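Engineer: Let me give you the structure first, and then I'll get to my questions.
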Amino acid sequence: MLQSIFRGLSGNRRHRVVACLVAGVLLLPLTAASSATVSEKKEPGRQIADMVTKQRYFWDTVDHSKLKELQQVFTSGEQITDACLSCHTDADQQLKKTFHWTWTDPNSPEKNRRGKAQYSVNNFCLSTNAMHDHHCSECHIGWAGKGKAAAIDCLRCHGQKKFNFEEAFEDYEAFSTSGDEDDREMANEAQSEIQEAAQAVGRPTRRNCGSCHFSGGGGDGVKHGDLDSSMTTPHKSLDVHMGMDGQNFECVRCHTTIRHNVAGRFYATPAASQRESLIENDLSQKIMCESCHSAQPHKVGSKMNDHTDTVSCQTCHIPSVARVLPVQMWWDWSKAGKMKDGKPYEVKGPYDRLTYASTKGDTRWGKNVPPEYYWYSGSLSGPTLKDSIDPTQTIRLAWPVGSRKDKNARIFPFHVHRGQQPYDIERNKLLAPLLSGENGFWTTFDWKDAISRGQKFLDLPFSGKYGFVRTEYVFPSTHMVAPKDQALACAECHTRPKSRLANLTGFYMPGRDRIKVLDLAGWVLLFGSLCGVMLHGLGRFISNGKGRKG
Amino acid sequence: MRKLIILAITVFFAFSSAGICFAGAKANARKGKYTYRKVYKSCHKRGEVESATPLLSPDTKTMAQWDKVFDKVINNKDENKPATELVDDDFFEQFKCKEEWSKLTGKDMINVHAYLRAHAADSPSPAKCK
């Protein structure tokens, strides 16, 4: 083909074409190299984040195994706490003021407090019955699930060794009181294991936080969608920040802590009161993406930077949740209590998860679940057990606060858990049955009795008549940040048939929405231009360059 | 004659029941747990296994499966009988650490069985070794 082209050219032209081709071939590697340099150059947001989280220095100056206070014989958890407090004198006073201890949102109205220990209600295990349900209290950071009556279990968050202290204390007591030589040896063994575990302390790890937060709702991955046991040892593809083959962040790297107060959202209280980066304020908390990545994280001139005032980073960078383990999508308490041959039973379904249990009712699970998107200012709202509800509607137990008109609100992704749960037919209020224990529903399968007992713990009335109402509960998706090549493409939202943001109305979004007049004007302009070009070309063709000769 | 037969049967049942109760009382799951862990701690020190954590957790088998593995142990009446006489080669293929198991007696083995069975997969409190 090249030969035929060359044949058609005169000598001088042939030389010029050859010279151009040679120059092109020679310049090709240079062009490729320069484009590689451009692609290797990190976005400003990543450069800043790399600077503020540059190195992870280990600066521990205490070897706890050398402390005499931790070498004594321990027969109870409280003794270990006393040993901790003999050096960390103010730790318990600090901690007892925090949400992790009180399970109460201090910013909620005094007569209708929100929080697990208060009148909040969800559509998982419903309520802790003011912390009287011992099954729920297992996650409280007091010793042995005794709630606020017990001493703080420092090792729940700081223990670096997975260890069952309660079992070990029981073993030690059983062996140490025996006169048998073998038993004494075993008592020593049990005590040395207790001491070893008490001495293994450090900053909280993913395992420490995850022991409660990954199993919220009563099992692995039941609640959040973006938090489950796959985050204990995550791969970078699951979370770019926490991935062990990447930045390997522990939870406390972003959930910065001051006087045991861990940064993060709870109920109506947002995680941060304002959007600011560490560049603006070096003492700012690292709880938001912007803290490290700034408000203009993408390359200069990138259209994506224009989105950050209305679209949260999570919206594009968390394309789906439950990417390794499934998350619960639906819990229908109205189906609980069925028996087979007079006995409670369970049915397993997809993902090897229960789809029915007599104790819990129907449940449904999902994997790789795309989030739902809503305007969100950082605060969630919903009725408590004291608030009246309209049972003809789906009750939004936890729902994002914010709208397009709210300057603090941005579009944010959420995992939404739906289900049916009991409410008082006469009082039109949600109910809090007692679930665990010998008198709980899981043992008696008697709704009326379980509700009466649960309401009593909360000092709330019960008419004796109950029904079931549909409810929804959202969880902001902020973990499981995917690698940038898996971030949402523009067309996921800016498209007409199946936009991810199809439910968000009241504003014009290019690609998704249409204004007929504007569309018509566009087409007229396009065809007009095309016709103009064609007419111009036709004119030139007809005149056959005569004008130039003149 | 009939009275004699009834008496003999009664005596037989009384003794067997007592035997079962006695055998049950002897098994100490708590001791079994420490004995089981001790086997692997020593074995790990010696270098045969990579970790001091026992190879098989109680919840890796059902109660019936543990009974099958410890079949001879359950039916053994001699507390001092060496453990090697109560298990076969298949046992050591699964559990390894023959040297440490050899130091155990019939009494130790019944305790280990009680521990594994008490926390089997289909037990009320399934457990993993830590």
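Engineer: Any residue in region A:480-492 that is in contact with a strand residue (DSSP E or B) (Cβ under 7 Å, 6 or more places away or on another chain) and at negative phi?
Structural biologist: Start the filter on region A:480-492 by keeping residues that are in contact with a strand residue (DSSP E or B) (Cβ under 7 Å, 6 or more places away or on another chain), which leaves A:480.
Imposing the further condition that a residue be at negative phi reduces the set to none.
For region A:480-492, residues in contact with a strand residue (DSSP E or B) (Cβ under 7 Å, 6 or more places away or on another chain) and at negative phi: absent.
Engineer: Quick test of your reading of the structure: A:GLY402 fulfils all but one of (1) over 26 Å from A:THR310 (Cβ atoms); (2) out of contact with any Leu (no Cβ under 7 Å at 6 or more places or on another chain); (3) free of Cβ contacts under 8 Å to residues at least 60 places away in the same chain. Name the failing condition by number.
Structural biologist: Only one criterion in (1) over 26 Å from A:THR310 (Cβ atoms); (2) out of contact with any Leu (no Cβ under 7 Å at 6 or more places or on another chain); (3) free of Cβ contacts under 8 Å to residues at least 60 places away in the same chain is unmet by A:GLY402, namely (1).
Engineer: Out of the residues in region B:44-63 that are free of Cβ contacts under 8 Å to residues at least 24 places away in the same chain and not in a loop (DSSP other than H, G, I, E, B), which is farthest from B:ALA27 (Cα to Cα)? Don't jump to the end; show me each part of the working.
Structural biologist: So the first thing to find is which residues in region B:44-63 are free of Cβ contacts under 8 Å to residues at least 24 places away in the same chain, and the list is B:44-45, B:47, B:50-52.
Checking the rest, the ones that are also not in a loop (DSSP other than H, G, I, E, B) come to B:44-45.
Values: B:HIS44: 26, B:LYS45: 28 Å.
The qualifying residue farthest from B:ALA27 (Cα to Cα) is B:LYS45.
Engineer: Let me ask something else about it. If you check A:GLY210 against the conditions, is it away from every other protein chain (no Cβ under 13 Å) and on the phi > 0 side of the Ramachandran plot?
Structural biologist: Details: away from every other protein chain (no Cβ under 13 Å): yes; on the phi > 0 side of the Ramachandran plot: no.
So A:GLY210 does not fit the description; no.
Engineer: If we only count helices (runs of 4 or more DSSP H) wholly inside region A:99-213, which ones have 2 or more residues that are within 25 Å of the chain's Cα centre (by Cα) and touching a residue at least 12 places away in the same chain (Cβ under 8 Å)?
Structural biologist: On the way: elements: A:99-102, A:134-137, A:154-158, A:165-176, A:181-199, A:206-213.
Once the helices (runs of 4 or more DSSP H) in region A:99-213 are filtered for at least 2 residues that are within 25 Å of the chain's Cα centre (by Cα) and touching a residue at least 12 places away in the same chain (Cβ under 8 Å), what remains is A:99-102, A:134-137, A:154-158, A:206-213.
Engineer: Please enumerate the residues belonging to region A:169-195 that are under 25 Å from A:ASP60 (Cβ atoms) and within 12 Å of chain B (Cβ to nearest Cβ).
Structural biologist: Hits for region A:169-195 are A:SER192, A:GLU193.
Engineer: Could you list, in sequence order, the residues of region A:246-290 that are of a type in the set (Gly, Ala, Ser) and in contact (Cβ under 8 Å) with a residue 60 or more places away in the chain? Working first, answer last.
Structural biologist: Here is the first cut: in region A:246-290, the ones of a type in the set (Gly, Ala, Ser) are A:246, A:263-264, A:268, A:271-273, A:277, A:284.
Matches in region A:246-290: A:ALA268, A:ALA271, A:ALA272, A:SER277.
Engineer: Would region A:361-370 turn up any residue that is closer than 19 Å to A:ASP446 by Cα and at pLDDT 95 or above?
Structural biologist: Step one: filter region A:361-370 for residues closer than 19 Å to A:ASP446 by Cα, giving A:361-362.
Cutting the leftovers down to at pLDDT 95 or above gives us A:361-362.
Yes, region A:361-370 contains a residue that is closer than 19 Å to A:ASP446 by Cα and at pLDDT 95 or above.
Engineer: Related question: What about A:ARG512, is it of a type in the set (Lys, Arg), in a loop (DSSP other than H, G, I, E, B) and either loosely packed, with under 13 Cβ neighbours inside 10 Å or free of Cβ contacts under 8 Å to residues at least 12 places away in the same chain (or both)? Working first, answer last.
Structural biologist: On the way: of a type in the set (Lys, Arg): yes; in a loop (DSSP other than H, G, I, E, B): yes; either loosely packed, with under 13 Cβ neighbours inside 10 Å or free of Cβ contacts under 8 Å to residues at least 12 places away in the same chain (or both): no.
No.
Engineer: Do we have A:VAL474 as among the β-branched types (Val, Ile, Thr), within 30 Å of A:CYS316 (Cβ to Cβ) and surrounded by fewer than 21 Cβ atoms within 10 Å (Cβ to Cβ) here? Quick ask: steps written out before the conclusion?
Structural biologist: Values: among the β-branched types (Val, Ile, Thr): yes; within 30 Å of A:CYS316 (Cβ to Cβ): yes; surrounded by fewer than 21 Cβ atoms within 10 Å (Cβ to Cβ): no.
Here the answer is no, as A:VAL474 does not meet what is asked.
Engineer: Quick check, is A:PHE249 crowded, with 18+ Cβ neighbours inside 10 Å and farther than 18 Å from A:ARG207 by Cα? I'd like the intermediate steps shown before the answer.
Structural biologist: Numbers: crowded, with 18+ Cβ neighbours inside 10 Å: yes; farther than 18 Å from A:ARG207 by Cα: no.
When the stated conditions are applied, A:PHE249 does not pass them.
Engineer: List the pairs whose first member sits in region B:101-129 and is free of Cβ contacts under 8 Å to residues at least 24 places away in the same chain, whose second member is assigned to a loop (DSSP other than H, G, I, E, B) and surrounded by 20 or more Cβ atoms within 10 Å (Cβ to Cβ), and whose Cβ atoms are under 6 Å apart, counting only residues at least 6 apart or on separate chains?
Structural biologist: Pairs that qualify, where the first residue is free of Cβ contacts under 8 Å to residues at least 24 places away in the same chain and the partner is assigned to a loop (DSSP other than H, G, I, E, B) and surrounded by 20 or more Cβ atoms within 10 Å (Cβ to Cβ), are B:SER125/B:HIS119.
The values are calculated or read from the model by the stated rules, or taken from the named source; none is laboratory data. None of these values were measured; they are calculated from a predicted model. Glycine gets a Cβ as well: all are built from the backbone with ideal geometry, and neighbour counts include every protein chain shown.
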